[in-house]
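Before any comments, here is the structure.
The values are calculated or read from the model by the stated rules, or taken from the named source; none is laboratory data. Computed from a predicted model, the values in this text were never measured in an experiment. Counting neighbours? That spans all protein chains shown, and the Cβs are built from the backbone with ideal geometry, glycine included. To get the accessible areas, we keep the full protein, side chains included, count just its heavy atoms, and leave off ligands, DNA and RNA. Shrake-Rupley method; radii C 1.70, N 1.55, O 1.52, S 1.80 Å.
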Amino acid sequence: MSSKSSRRPPQPHGPSPSHKQCLKFVATSMMSGFGKFVAIISAFVLSRILHHFLKPFSQPQITSDFLIGMVLATIPVVHETFGDVSVMNLDNIVDFGMILYTFVLGLEMDPYVIFKAPSRPAIVAYAGMLSTCILTCLLTPWLHYGTKDTNMITLTISLSITLSGSGSHILTRLITNLKIGKSDIGKLAVVAGVHSDMITMFFYSILFVLFPLEKISSTKGEIKHVVKMILGILIQSIIAAKVSPFFFNWINNENPEGKALKGSHLVLSMAFMAVICSCATWFGYNPFFSAFLAGLFLPTEGRISKWAISKINYLLSLLFYPLLFFWVGLKIDFSDFQGGQIGTWGRFFVLIFIVVVGKVFGTICGGVLLGFRWPELAAIGMLLTSKGHFHVYLAVHAFRSERIEMPTCISIVIVIFLSIIHTPFIVKHIIRRARELVPVHRMNLQCLDPKTELKILLCVHGSHNLPSAINLLAISRGRPNPGLNVYVTDMVELSDKLASTLEKEEGTNNMVLTDKSVIEMREQITQAFQAYVDEDGTGITLGRSHALATFNGMSRELIVLAEDFMVSLILLPFHKRLNPDGTHDSGSPGFRYVNRKLLRHAPCSIGILVERGSGFADRISKSSECKVAIIFIGGKDDREALSYAGRVAWHPGVKLTVIRFLVDKNSENAPRRVSNRASTAEEEEEMKLDDESFADFYEKYVAGGTVAYMEKHLANSSETYTNLKSLKGQYTLIIVGRGGRVNTILTLGLNDWQQCPELGSVGDVLSGSGFECESSVLIIQQHRLKGQLDGLSDDFSIM
């Protein structure tokens with residue numbers, strides 16, 4: 001009996017079709033996710049690279065963010081990678097970032113200035129805004145910038161506020177980076193920009209209440225919604241202005257300066273700020289303007305507020321801004337610009353016309369009434385045309401909300417971009433004009449106005465420099481009126497050991513020094529100088545600072561201090577330390593390197609004190625009799641030394657003698673032929689300046705018997721050397737110029753065996769180890785101007 005065996009159908013080998021689709025979906029998702037990640041990271045990296053290449057043109061970071069984001073996102077491969085879901089996620093991220101932006105923007109502003117009488121910058125800002133608004137209201141209704149369903153009144157008001165605003169944070173950073181923030185025109189532009197930004201944000205906040213985005217059918221419902229939003233704003237503002245100061249003060253008191261912020265208090269503070277920012281949104285108000293108003297009324301001062309401003313700004317600049325413009329590039333499609341239509345270009349150029357003409361015309365009208373000159377007002381008007389990140393976001397948001405069409409959105413974004421890229425060139429134009437109008441500012445003693453107090457940066461290496469440094473302070477005082485402003489500066493090398501003791505101060509980018517030996521040294525120096533000022537410091541204003549850096553960067557630190565304090569003279573210790581037996585040690589190569597760099601790059605005159613013997617360590621008082629000599633051969637450095645000696649002559653405990661070395665052309669020892677690098681005309685001009693300077697000094701001090709005068713007629717440098725040796729034991733301090741002499745007959749050959757060329761030929765001879773002279777030596781070099789434009793001060797005034 002046969003039976004049929006049941007057979008199963010053959011099973012297919014490999015995955016099923018559904019399994020293949022699943023694998024394909026996973027692979028596609030992974031590749032898509034990887035592509036999105038690469039695109040966004042590329043936006044961050046390429047933006048930083050492009051910003052580095054745009055630095056010579058002084059372009060702000062927003063320029064490179066804009067270019068990279070717009071170009072990268074519009075590449076078809078990149079654009080197709082981001083689907084609707086990805087773009088929606090980006091929408092949420094950008095919206096959250098913009099909430100942070102508006103919050104910190106309000107936190108940095110002072111809302112109470114609008115309740116005071118308008119300042120001059122505020123009047124200039126308001127005039128520019130008013131003229132721009134009027135021009136917008138007159139022109140834009142006829143050009144159909146919105147869609148068919150858009151309320152024309154709402155669109156016109158929104159557009160006028162947008163075009164009349166300014167990107168204050170971009171303008172402030174640009175003006176600060178280009179170093180005109182201390183000038184009158186820089187201050188006016190910054191304050192006017194802040195006023196313009198704050199008022200436009202106020203108007204936006206009011207506009208959203210009067211014209212909400214939600215469409216409400218009944219008038220009663222609309223009024224109810226408006227009243228509800230106003231109530232939410234009032235509750236939020238009252239809590240932020242009246243309740244939050246108690247909370248912030250408690251947090252600040254619990255976390256004093258110098259100690260790390262407690263993590264629980266940070267979390268509590270951030271949660272409190274988030275609740276304040278969201279109060280008005282519970283009543284239907286816009287989250288962006290709710291965050292702005294919350295930040296506006298929250299306390300600006302205090303550690304927590306500064307910490308929030310610092311951290312949020314860092315997060316925005318590092319991550320959000322490049323992502324914002326990448327998102328804008330995804331939203332905008334340049335193929336829909338409709339460039340072939342005349343109406344599109346007409347609307348585009350009308351926007352440019354409104355922004356430029358409206359701002360400049362209004363700024364000039366308002367400024368002229370205040371007495372400002374119109375060329376500078378035109379420049380300020382051009383600066384105030386600059387817009388910021390929020391204006392770009394509003395343009396795209398209006399397109400998302402179907403208030404405007406794509407060509408209008410593209411036009412507004414491009415106009416905002418053009419309003420930014422021109423600002424560095426306007427600032428450079430201001431600097432060029434200032435250099436034409438303002439005389440070159442030479443930071444030296446010879447050009448110092450006698451009615452202006454002298455500012456000195458007095459540097460010390462440590463407590464061993466105290467006796468000589470205090471004596472330098474004493475003899476540099478001059479007349480009690482106008483007096484002396486001295487900034488005693490500690491030069492501290494940032495070694496690896498010292499760097500390990502630095503701690504970052506919470507809420508700021510400052511590093512706090514915690515090394516006990518350095519702190520004790522600084523306290524000892526402070527106490528010594530303060531004791532002198534308290535005892536005999538009539539006319540002296542004492543300030544303290546320090547240059548904590550490696551030897552490579554210390555000269556730059558001192559230059560920044562000198563520029564910030566606007567000093568006319570930097571006094572430095574010699575790099576070799578004086579031993580108890582009167583000799584010098586081998587010296588510090590690092591401090592010598594710093595001295596040499598400062599001699600080349602200092603923004604003012606500079607002096608180096610070489611201590612010899614022990615006489616200059618004794619305190620110089622009114623009853624003492626300290627003998628000081630000034631050697632005058634000729635040249636700009638000697639003239640600067642002579643100007644310094646004029647201040648020394650006023651000290652009652654100093655007996656000053658001026659020794660002038662003149663060329664004896666009739667001597668038999670005079671060289672028949674001297675190779676001069678300077679032309680005869682230049683030599684005669686220098687000699688004329690020498691004679692004028694010396695004649696003025698002679699009339700002021702020598703003729704009246706205040707200063708002794710000695711004249712030496714010498715034939716060559718050999719006789720110069722002999723006369724320098726003859727000064728042994730006669731003076732406690734000898735003041736000389738470093739160089740800068742046109743006539744080199746009397747110093748020719750003195751530098752053949754120089755040990756320290758940075759001291760100059762005469763200074764090196766007097767301070768050399770083989771020279772039998774125990775007098776301390778002060779070598780002075782006059783401010784070297786690299787060009788005619790380098791003398792422009794940061795606080796120039798051209799308004």
Taking only protein heavy atoms into account and a 1.4 Å probe, give the accessible area per residue of the chain in Å². 49
With both partners inside the chain, how many of the DSSP beta bridges are antiparallel, as a percent to the nearest 5? 15
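Using the per-residue mean of other Cβ atoms lying within 10 Å as a proxy for protection, in what order, highest first, do the peptides 490-498, 627-635, 317-325 fall?
Numbers: 490-498: 15.6, 627-635: 24.1, 317-325: 20.3.
The packing order, highest mean first, is 627-635, 317-325, 490-498.
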Quick query: amide H of ASN485 versus all other amide H atoms, modeled in the peptide plane; which residues come in under 5 Å with a sequence gap of 5 or more or a different chain? LEU454, LYS455, ILE456, THR541
Could you tell me the center-to-center distance, by alpha carbons, between segment 555-606 and segment 173-188 in angstrom? 30
Which angle between 0 and 90 degrees, to the nearest 10, do you get for helix 551-565 versus the longest principal axis of the chain when only C-alpha atoms count? 90
Rounded to whole Å, give me the distance from the Cα center of segment 722-784 to that of segment 378-406. 65
Using just the helices of the chain, give the 222 nm mean residue ellipticity in deg cm²/dmol: DSSP H runs with n ≥ 4 each add -39,500 (n - 2.57), and the total is spread over all residues, rounded to 500. -17500 deg cm²/dmol
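Over 24 Å between Cα atoms: which of LYS451/LYS636; LYS36/LYS331; LYS455/LYS700; LYS228/LYS387 fall into that group? Numbers along the way, then the final one.
Numbers: LYS451/LYS636 22 Å; LYS36/LYS331 15 Å; LYS455/LYS700 22 Å; LYS228/LYS387 32 Å.
LYS228/LYS387, as the Cα separations exceed 24 Å there.
Is there a quick way to get the dipole size of segment 195-330? I mean about its Cα centre, with the Cβ of Lys and Arg at +1 and of Asp and Glu at -1; what is the value in debye to the nearest 20?
It comes to approximately 220 debye.
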Loop-resident chymotrypsin sites (Phe, Trp or Tyr not before Pro) in segment 682-761 with no more than 15 other Cβ atoms inside 10 Å, DSSP not H/G/I/E/B, are TRP753
Residues whose placed amide H lies under 5 Å from that of HIS546, excluding near-sequence neighbours: ASP490
Identify all aspartates and glutamates with a Cα-Cα distance to LYS359 below 16 Å; exclude those on the same chain that are fewer than 8 residues away in sequence. ASP197, GLU376
Within segment 257-306, trypsin sites (Lys or Arg not before Pro) in DSSP loop having at most 16 other beta-carbon neighbours inside 10 Å: LYS259, LYS262
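Over segment 326-462, with every protein chain in place, what whole percent of the accessible area is carbon and sulfur at 1.4 Å, could you tell me? Write out the running numbers ahead of the final one.
Values: 3530 of 5530 Å².
The value for segment 326-462 is 64 percent carbon and sulfur by accessible area.
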Residue (of SER588, LEU727, ILE352) at the positive-pole extreme of the chain, dipole from beta-carbon charges: ILE352
Sort out for me the Cα centre separation of segment 635-665 from segment 46-92, rounded to whole Å. 63
As I understand it, the dipole of segment 142-226 uses +1 on the Cβ of Lys and Arg and -1 on the Cβ of Asp and Glu, about the Cα centre. Which of SER168, ILE180, GLY221 lies farthest toward its positive end? ILE180
Accessible area in the full protein assembly, largest first, 1.4 Å probe, for ILE380, ILE352: ILE352, ILE380
Taking all protein chains in place and a 1.4 Å probe, what share, in percent, of the accessible surface of segment 190-298 do carbon and sulfur account for? 73
Roughly how many debye, to the nearest 20, is the charge dipole of the chain about its Cα centre, given +1 on each Lys and Arg Cβ, -1 on each Asp and Glu Cβ, and no other charges? 2320
In segment 567-625 the accessible area split gives carbon plus sulfur, as whole percent at 1.4 Å, a share of 46
Roughly what angle does helix 589-601 make with the longest principal axis of the chain, taking Cα atoms, 0 to 90 degrees, to the nearest 10? 80
Per the charge dipole of the chain (beta-carbon charges, Lys/Arg positive, Asp/Glu negative, Cα centre), the residue among GLN781, THR281, TRP650 reaching farthest to the positive end is THR281
Electrostatic dipole magnitude of segment 532-635 [Cβ: Lys, Arg +1; Asp, Glu -1; Cα centre; debye, to 20]: 480
Qualifying aspartates and glutamates (Cα of each under 13 Å from Cα of LYS728; at least 8 residues distant if same chain): GLU772, GLU774
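Filter the trypsin sites (Lys or Arg not before Pro) in segment 331-436 to those in DSSP coil with at most 16 other Cβ atoms within 10 Å of their Cβ, and list the result. Working shown, then result.
Numbers: sites: LYS331, ARG347, LYS359, ARG373, LYS387, ARG400, ARG403, LYS428, ARG432, ARG433, ARG435; in loops: ARG373, LYS387, ARG403.
Passing both the DSSP loop test and the Cβ count: ARG373.
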